[in-house]
Amino acid sequence: MSPRMAALAAILRLFLAERRGALIGGALLAALTALAGAGLLALSGWFITASALAGLSAAAIAFDVFMPAAGIRLLALTRTAGRYGERLVTHDATLAVLARLRERLFRGWAAPEAAGRLAGQPARLLFRLTLDIDALDALYLRVLVPLAAALSVGLGASLLIGLVDGTTALAFALFVLAAGLGLPALAVRAARRPARRRAHGLEVLRARVIDAVSGQTELLMAGRLAGQREACAAADRALAAADDALNRIETRLAAALAVSGALLLAAMLVAGAGLSARAAIDAPMAALLLLLALAAFEPFAALRRGASELGRAVIAARRTAPRLAPPLLPPPPAMPAPGLAVRLEAATFVYPGTAGPALAAVDLAVADGERLALVGASGAGKSTLLAAIAGEMSPAAGRLAAVGGTLLTQRTTLFRDSLRDNLRLAAPEADDRRLRDALAAAGLDAFVAALPRGLDTRLGEAGVGLSGGQARRLALARLFLRDTPLWLLDEPTEGLDGATARDVLARLCARAGPRTLVIATHLRREAAVAGRILRVDGGRIAGAARRGEPGFARALDALRPD
């Protein structure tokens, strides 16, 4: 199986695993609606023709109008109810499946190491969660559902025609399959390249517009705003060209299907005339077969949209299928010996795709309740060491053992949601009393109490509505909700003014109690709370000093002042 088909098969398996009954039911309702529509047209043609002929003869008095009329009403009601049910079931099932796929995709990207690799390309995650997942709805709504309806009507019409004449039915079936499926297949092949260009162009356009909006001040200062606008315009032109190519393919497919339908109708007219001449059928039955052929080919026209969108769905499937599988989580770090919170023995850590190790042959022991500061130049490996201890990286060599820990990163990540739900990211089961206790410990209780909606107050994108200090305190409150014996702090007061930073640091140390703290820092005030300082250089432990030793004071003096 080709990678393209393997990705589609994986997505279809996930679709069926989530809402199998609803998805199959929606396809059956679509088939029922199409069958009812074809039957309605065919029976109406037979009834009108038979009624006209009966009215011209003495048989009019014996002609039964009630049974055909009842059948027409039944088919009309079935078509209406089936259409409503099909739209309701298929769209509800599709939206539910896509929501579930977004959750699975997010969980896949949130796996250890994957999140770190993605941090440099956050827009890619957004595009996977929005553009690609949205594109997958075409696989079911634009391809599978119309295909099920079209094949059902084509098969039903062939069987009915076969009751009259087997040769005509075979020719009819072959033509319907060849034209109804062959022409969309050719369109899918022709749309493959413009679909790739459209998918790429849409991502490029969105990325450039985001860069232009978010970085307009920097671009203006650098004199590059006009160039960025032109880059956005160029991406928009490329996207428009891809859209035009896809629209031309869809238009040509619609024309080809229309011509094929006209040819089928003409062929069935000739066949009906021949059968009537041989007295195999009467005039009403000829009208029924003719209109049945017209109705049987019509559902294949619904595939023209799916043919142009299938290429986009295939691209989306290939991008997302690997991440939709449950992530293979690395085993958690082993527990260290009693009395230790962290133990590394000749541990080496390597980022994927890099030439050398980020940390090389690190030996480190951190006692329970110890407060340790990691210092060194940017890029020395401090944050990597914290991530490794937190279990976000597995050692390529050596051994790592650590108790359960919580990592407070440099970046405060807040979401466009309520204060309550932003806090519950750390403890989903926490009640309001526990949330307010954490806010009080972080120094935000008075601020939240003054808000009209309190914990229900919604934040803007990335925490808009909070100052930098308030956002950091909210992140601190989330840390306080994590009852782990080890806290890993990556520059916890960076970017805060002196008074706010000292208050945050004091609250953090008071709340920590007997917990073990490991702090990566460039600041004197943060390292001063530690009992031991380690200097990291080039991914190795280059020096160490304990409080009271001469090297400790020198290490503090080398750091950036408060």
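The values are calculated or read from the model by the stated rules, or taken from the named source; none is laboratory data. The model shown is predicted, which means the values in this text are computed figures rather than measured ones. All Cβ positions, even for glycine, are placed from backbone atoms using ideal geometry, and neighbour counts span all protein chains on display.
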Matching residues, the stretch 435-464, being among the basic types (Lys, Arg) and closer than 23 Å to LEU505 by Cβ: ARG436
Within the stretch 15-40, considering residues that are surrounded by fewer than 19 Cβ atoms within 10 Å (Cβ to Cβ) and among the hydrophobic types (A, V, I, L, M, F, W, C), the one nearest to VAL89 (Cα to Cα): ALA22
Test: residue in the stretch 183-203 that is under 30 Å from LEU43 (Cβ atoms), part of a helix (DSSP H, G or I), touching a residue at least 40 places away in the same chain (Cβ under 8 Å) and of a type outside the set (D, E, K, R): yes
Selection status of LEU257, closer than 15 Å to VAL176 by Cα and buried (at least 16 other Cβ atoms within 10 Å of the Cβ): yes
Out of GLU345, GLU392, sole residue that is assigned by TED's automatic domain parsing to the domain that holds ARG540, within 25 Å of ARG473 (Cβ to Cβ) and touching a residue at least 40 places away in the same chain (Cβ under 8 Å): GLU392
Filter result (over 10 Å from LEU289 (Cβ atoms) and not aliphatic (A, V, I, L, M)) within the stretch 155-182: GLY156, SER158, GLY162, GLY166, THR167, PHE175, GLY180, GLY182
Test result for ILE48, in contact (Cβ under 8 Å) with a residue 12 or more places away in the chain, closer than 25 Å to LEU294 by Cα, touching a Phe, Trp or Tyr at 6+ places or on another chain (Cβ under 8 Å) and in a helix (DSSP H, G or I): no
The one condition in (1) crowded, with 19+ Cβ neighbours inside 10 Å; (2) farther than 26 Å from THR521 by Cα; (3) in contact with an Asp or Glu (Cβ under 7 Å, 6 or more places away or on another chain) that LEU386 fails to fulfil: (2)
Single unsatisfied condition, MET393 versus (1) modelled with pLDDT of 85 or more; (2) buried (at least 21 other Cβ atoms within 10 Å of the Cβ); (3) among the aliphatic types (A, V, I, L, M): (1)
Considering residues of the stretch 425-450 that are free of Cβ contacts under 8 Å to residues at least 24 places away in the same chain and not in a helix (DSSP H, G or I) only, the residue nearest to ASP490 (Cα to Cα): PRO428
Residue check for VAL403: crowded, with 21+ Cβ neighbours inside 10 Å and among the hydrophobic types (A, V, I, L, M, F, W, C): no
Filter pass, VAL350 being touching a Leu at 6+ places or on another chain (Cβ under 7 Å) and not basic (Lys, Arg): no
Hits in the stretch 297-319 - residues which are touching a Gly at 6+ places or on another chain (Cβ under 9 Å), within 30 Å of ALA267 (Cα to Cα) and among the aliphatic types (A, V, I, L, M): ALA301, LEU303
Count of residues meeting criterion [of a type in the set (Val, Ile, Thr) and surrounded by fewer than 20 Cβ atoms within 10 Å (Cβ to Cβ)] in the stretch 272-318: 1
